[in-house]
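I have placed the structure first, in the form of structure tokens, so that the comments after it can refer back to it.
The values are calculated or read from the model by the stated rules, or taken from the named source; none is laboratory data. From a predicted model like this one, the values you see are computed outputs, not experimental measurements. Quick reminder, even Gly has a Cβ in these numbers, built from the backbone with ideal geometry, and neighbours come from all protein chains shown.
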Amino acid sequence: MRRFRPMNRGVALINALIVVAALAAVSVALLARSDAARQRMALHLDADQAALYLDDATMLVARLIEDTSADAVHLGQPWAAPRSEVQIDRGTFGFRIADLQGRFNVNWMTRDDAMGEAARIALTALARSQGVPGAVAGRIQVALDPANQYRDSAFGGGGAISAPPPLPLASPAVLRLVSGGDGDRLDRLMPHLAALPPELGLNVNTASLPVLAALIPALSPPDLAELDETRRQQPFRHVSEFLEWVEQVMGEDAALALEALHLDVGSQWFEARLSARLDSVVLQRSAVLQRRADSRRSTVVMSMPEVD
């Protein structure tokens with residue numbers, strides 16, 4: 001009878017151990033892949049749920065806007081208070097609403113009346129006040145002037161884009177296409193801009209001080225500070241009340257000059273920046289809402305995700 005030598009038995013044992021180790025490695029790899037797939041599925045489900053939280057937050061924003069007086073919109077109303085860490089189901093959401101009619105509407109530039117003329121001058125002043133280089137600010141003015149024959153040159157004369165974008169603009173972000181407007185040069189300016197129907201007026205109750213200073217250059221820094229305090233304590237209910245304040249502070253001629261501008265105390269267009277958190281998942285979204293003048297119902301005109 002033939003016997004195995006000890007060396008052969010040792011080799012067989014080593015081979016068996018190698019096979020066991022290989023199987024163990026494969027099992028670990030399969031378990032790791034399975035766990036990774038489970039985690040991906042959990043993240044996907046959490047992201048879907050967080051998106052539903054954003055939908056709920058958007059509905060709350062719409063309700064706040066609908067409940068706001070249609071006659072006078074100001075920063076002392078509930079819509080203007082930011083919300084954070086609002087509990088919902090297993091997560092939280094928050095949002096901040098801005099009145100777009102309190103911003104500089106770049107589409108005023110398409111008007112051929114006193115408001116359009118004032119806006120073309122004011123945007124250059126506003127851009128410079130926010131650190132935009134003078135040359136770029138000048139090109140922005142040209143880019144938004146429909147009667148200017150050099151509009152295409154403001155956008156690089158065909159080197160950057162094939163043709164200047166049509167007016168009125170759909171978004172102020174288009175101004176980043178202006179020659180020299182790339183990078184972070186317009187970052188400080190953008191929060192003061194909106195792209196709305198050109199026939200809308202500026203809400204003097206919610207307009208930022210830089211926008212007011214650019215559009216009404218006769219307002220001195222002390223005047224602006226007094227205006228801000230006045231509207232905070234007693235928001236203007238009618239444009240006539242604002243003009244009365246101007247007359248008292250700056251004189252009758254200044255008030256008469258402002259009558260040519262399209263000013264308002266109401267608003268129909270708002271922007272909401274929303275966020276939702278569920279465990280480690282954080283989603284952000286921006287939405288533009290319009291409140292219909294006839295029904296006062298708010299509708300989402302545009303909604304898009306945001307990334308930090």
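Observations, loosely collected:
- Residue list for segment 34-79, filter: among the hydroxyl-bearing types (Ser, Thr, Tyr), part of a loop (DSSP other than H, G, I, E, B) and either buried (at least 19 other Cβ atoms within 10 Å of the Cβ) or modelled with pLDDT under 85 (or both): Thr68
- Check on Gly116, part of a helix (DSSP H, G or I), among the small types (Gly, Ala, Ser) and under 28 Å from Asp228 (Cα atoms): yes
- Single match in Ala98, Ala195, Ala170, Ala114 (criterion: aliphatic (A, V, I, L, M) and farther than 30 Å from Gln284 by Cα): Ala114
- Members of segment 61-105 that are at positive phi and either touching a Pro at 6+ places or on another chain (Cβ under 9 Å) or of a type in the set (S, T, N, Q) (or both): none
- Considering segment 203-250, the residues that are in contact (Cβ under 8 Å) with a residue 60 or more places away in the chain and among the β-branched types (Val, Ile, Thr) include one that is farthest from His74 (Cα to Cα), namely Val211.
- Within segment 253-268, not a single residue is farther than 28 Å from Met109 by Cβ and either modelled with pLDDT of 95 or more or touching a His at 6+ places or on another chain (Cβ under 7 Å) (or both).
- Just one residue in the set Val174, Val132 is under 22 Å from the mean Cα position of the chain (by Cα), of a type outside the set (Lys, Arg) and not in a loop (DSSP other than H, G, I, E, B); that residue is Val174.
- Test: residue in segment 143-150 that is among the charged types (D, E, K, R), surrounded by 13 or more Cβ atoms within 10 Å (Cβ to Cβ) and more than 15 Å from Arg120 (Cβ to Cβ): no
- The criterion of at least 2 residues that are touching a Lys or Arg at 6+ places or on another chain (Cβ under 9 Å) and within 22 Å of Met115 (Cβ to Cβ) is met by the following helices (runs of 4 or more DSSP H) wholly inside segment 210-308: 239-250.
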